[in-house]
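Scroll down for the structure; my scribbles are underneath it.
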Amino acid sequence: MYLRVLFPLPILLSFASALKPDGLISAFKNAVDCDSCHALLVPLKGLAELGDSAFVKTMVEVCKVLKLEDDDVCVGGITEQGPILAHALRGISPLGTTATKLCEGTFGLCQPPAVNPYTVPLPAPGPPAARKQSVSAGKTPFQVVHFSDVHIDREYVAGSDANCKKPICCRDFADEAKPPIEPAGAFGNPNCDSPVGLAKSMLEQISAHHTWSIFTGDVVEAAVWLVNKSEVTHDIRRFNHELVAALNAPVFPAIGNHDSAPVNNFPLDATVGYFDAQWVFDLEGKQWAHWTNRTAKREVKHFSGSYSITAPGTNLRIISLNTVYWYKQNFWLYESDTPEADPREILAFMVSELQAAEDAGQRVWIIGHMPPGCEDALSDQSNYYDQIVQRYHSIIAGQFFGHTHYDEFEIAYSNYEARGADTAVNVAWIAPALTPRSGNPAFRVYDVDPETYEIMDSKVYSADLKNPEYQTKPEWKLYYSARAEYGPLVDLAPTAPLDARFWHDVTEAFERNETAFQRYNTFLTRGGHVAPCDAACKKAAICQMRAARAQDNCHVAKPGTTFGDTERDQVVMTGTGSSTTTTPAPASGPSARQHAQCEGAGIGYLLSQFSRKVAIAGPVRFE
């Protein structure tokens, strides 16, 4: 049970008089740091206590008056997610630790509070297993494809305007001017999510490269103000059918934050009011059964989309986790002043499966959508996840994620106070996205050691949007090989894997070698939305590489006159492309660039705009 703060009727009546849109705008205008964010939550909580309808109606009116987005975006984004935020506000004190997390995770006005101490129950380690020989014994690696964040827009219309006023373009919006300023091509545009033809083209390429594949989530496009349960159900079914038709080998998926409706909607209980996520797990359990066994199918349904399965013909256990239960934009996580350490017992499931793998002498891959070290992850659950990785790192051959839309990696250390090659114990691989919003469409092909299941090489294949032939037929080419690109920087032995030690050595090479780091900065977006990265940006980027635990990723909120997530605001305000919402900020580091890419125009994004728009709008009138 959580502690619910109840307000006496006179105070609620005063809230009712103060919480007219103009009064709420004043409260937003005054929110410039952590203390004033807590003060803002008092009237917001009061508004929530008046009911979901009052909360949504008032917030929509404020959004419209300030012209944060077109009216339909205000209505859709707030109507869908607003009741979840209102539910959370009703359950917490505006002055408590959960409120601080909300101010940091949604508004960017507080620093993350210290991790709530919790020791994950872990079995004692058994005797160390003998390390198997690698490909030095002469065995040939096999290939596995990793693709992520396809964000297929099934309403994409070639020839529609790619330079529109909406957060996502390339659709026939009724209120858009005609003729189009920039007609959308058949295979995508940087201001839009993936057309069906682009996804089909990628799947055709994957079929030539893999033994089997991993897919780390986000099927549905980012027009979140329009997304509903019917669309998500339709899109998931269609994409899974397309995977079966195009690929003649298994695909092991993970659930993304866009793979529900409302977006990010994963309640801690199976059903809260009229909100429910069980339909997602039931749907995926049935759809994924083509590749998973019966046990994994049951796990998908009853462990919140998480499951475990042994890859065919291997001694490798794949554990797929729903990491959206640790995502800062899942507002259900803020519903109590005494939050759960292990929402939906996903960490307990992870421990159980890792122990079973250890007992069976198996190696393990962990897959999920959101990387636990990125700034979108709650520090508490990231810390607890890391405790498990420390215990089982000797059998974890790799971790694989998506979500950021960028080509990245994160290193886990046995001692974060002394990060070095000797303390680097595991690495998280973060795959680039298909959607052109984040750069040139791409996927990865791993060369995998058939004995240790460690990664011997990672090859990124990409299609260049600027290629004159792209809109006729995307040409997928090898963009770079990690072994060929970075191996010479650290004198990598011919038979050595690209393990955590290797990647730490690469980060040290980046510190010494500006050319090498700038190539990495270009690789982030596959040469698409390349942004300058100065010395401060580089320092932040390398810190993020060395942080598979969120509390160590060097992200610092910078309260000031601009309300909201400061990193997202930098993306919006300093972009250099034709669409300011899709171009990375030049000096905020790769970890900061993901927000506009991953979230879309949900209520968190809209809230982050309020004070900046208030500051430039001046006095406003309400009818």
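Out of the residues in segment 200-215 that are small (Gly, Ala, Ser) and touching a helix residue (DSSP H, G or I) at 6+ places or on another chain (Cβ under 7 Å), state the one that is surrounded by the fewest Cβ atoms within 10 Å (Cβ to Cβ). Let's see the steps before the verdict.
Filtering segment 200-215 for residues small (Gly, Ala, Ser) gives 201, 207-208, 213.
Subsequent filtering for residues that are touching a helix residue (DSSP H, G or I) at 6+ places or on another chain (Cβ under 7 Å) retains 207, 213.
On the way: 207: 14, 213: 24.
Checked segment 200-215; the qualifying residue surrounded by the fewest Cβ atoms within 10 Å (Cβ to Cβ) is 207.
Could you pull out the residue among 219, 196, 224, 150 that is in the same structural domain as residue 264 (by TED's automatic domain parsing) and farther than 30 Å from residue 478 by Cβ?
That would be 224, the only listed residue that is in the same structural domain as residue 264 (by TED's automatic domain parsing) and farther than 30 Å from residue 478 by Cβ.
With the condition kept exactly as written, say whether any residue in segment 54-61 is free of Cβ contacts under 8 Å to residues at least 12 places away in the same chain and not hydrophobic (A, V, I, L, M, F, W, C).
Scanning segment 54-61, I find at least one residue that is free of Cβ contacts under 8 Å to residues at least 12 places away in the same chain and not hydrophobic (A, V, I, L, M, F, W, C), so the answer is yes.
Scan segment 301-318 for residues that are within 11 Å of residue 346 (Cα to Cα) and either within 21 Å of the chain's Cα centre (by Cα) or modelled with pLDDT of 95 or more (or both) and jot them down.
At the first step, the residues of segment 301-318 found to be within 11 Å of residue 346 (Cα to Cα) are 302-307.
Across segment 301-318, the qualifying residues are 303, 304, 305, 306, 307.
Could you check how many residues of segment 28-45 are touching a helix residue (DSSP H, G or I) at 6+ places or on another chain (Cβ under 7 Å) and surrounded by fewer than 21 Cβ atoms within 10 Å (Cβ to Cβ)? Don't jump to the end; show me each part of the working.
Start the filter on segment 28-45 by keeping residues that are touching a helix residue (DSSP H, G or I) at 6+ places or on another chain (Cβ under 7 Å), which leaves 28-31, 34, 37-38, 40-41, 43-45.
Okay, now just the ones that are also surrounded by fewer than 21 Cβ atoms within 10 Å (Cβ to Cβ), so 29-30, 34, 38, 43.
Matching residues across segment 28-45 total 5.
Within segment 262-286, how many residues are without any contact (Cβ under 8 Å) to a residue 60 or more places away in the chain and out of contact with any strand residue (DSSP E or B) (no Cβ under 9 Å at 6 or more places or on another chain)? I'd like the intermediate steps shown before the answer.
First, pick out the residues of segment 262-286 that are without any contact (Cβ under 8 Å) to a residue 60 or more places away in the chain: 269-271, 274, 276-286.
If we keep only those that are out of contact with any strand residue (DSSP E or B) (no Cβ under 9 Å at 6 or more places or on another chain) too, we end up with 269, 271, 274, 276, 279-283, 286.
The number of residues fulfilling the criteria is 10.
Residues 520, 486: which one is crowded, with 18+ Cβ neighbours inside 10 Å and in the same structural domain as residue 142 (by TED's automatic domain parsing)?
Working: 520 fails: in the same structural domain as residue 142 (by TED's automatic domain parsing).
On inspection, the qualifying residue turns out to be 486.
Could you tell me whether residue 248 is touching a strand residue (DSSP E or B) at 6+ places or on another chain (Cβ under 9 Å) and either under 30 Å from residue 88 (Cα atoms) or assigned by TED's automatic domain parsing to the domain that holds residue 332 (or both)? Give the steps one after another, and end with the answer.
Details: touching a strand residue (DSSP E or B) at 6+ places or on another chain (Cβ under 9 Å): no; either under 30 Å from residue 88 (Cα atoms) or assigned by TED's automatic domain parsing to the domain that holds residue 332 (or both): yes.
No.
Tell me whether segment 175-187 contains one or more residues that are within 19 Å of residue 460 (Cα to Cα) and in a loop (DSSP other than H, G, I, E, B).
no
For residues in segment 497-531 being of a type in the set (S, T, N, Q) and in contact with a helix residue (DSSP H, G or I) (Cβ under 7 Å, 6 or more places away or on another chain), which is nearest to residue 543 (Cα to Cα)? Explain how you work it out, then say what you get.
If we filter segment 497-531 for residues that are of a type in the set (S, T, N, Q), which is where we start, we get 507, 513, 515, 518, 521-522, 525.
Filter once more, keeping what is in contact with a helix residue (DSSP H, G or I) (Cβ under 7 Å, 6 or more places away or on another chain): 507, 513, 525.
Details: 507: 9, 513: 16, 525: 19 Å.
Restricting to residues being of a type in the set (S, T, N, Q) and in contact with a helix residue (DSSP H, G or I) (Cβ under 7 Å, 6 or more places away or on another chain), the top hit is 507.
State the number of residues belonging to segment 70-93 that are farther than 18 Å from residue 52 by Cα and within 23 Å of the chain's Cα centre (by Cα).
The total comes to 1.
Looking at segment 136-192, which of the residues that are of a type in the set (D, E, K, R) and over 14 Å from residue 221 (Cβ atoms) is surrounded by the fewest Cβ atoms within 10 Å (Cβ to Cβ)? Spell out the reasoning first.
Residues of segment 136-192 of a type in the set (D, E, K, R): 139, 149, 153-155, 161, 165-166, 171-172, 175-176, 178, 182.
Those still in the list that are over 14 Å from residue 221 (Cβ atoms) too: 139, 161, 165, 172, 175-176, 178, 182.
Values: 139: 12, 161: 25, 165: 13, 172: 13, 175: 10, 176: 17, 178: 8, 182: 16.
Taking the candidates together, the pick is 178.
The values are calculated or read from the model by the stated rules, or taken from the named source; none is laboratory data. Predicted model, so just to flag it, every value in this text is computed and none were measured. Cβ: placed from backbone, ideal geometry, glycine included. Neighbour counts: every protein chain shown.
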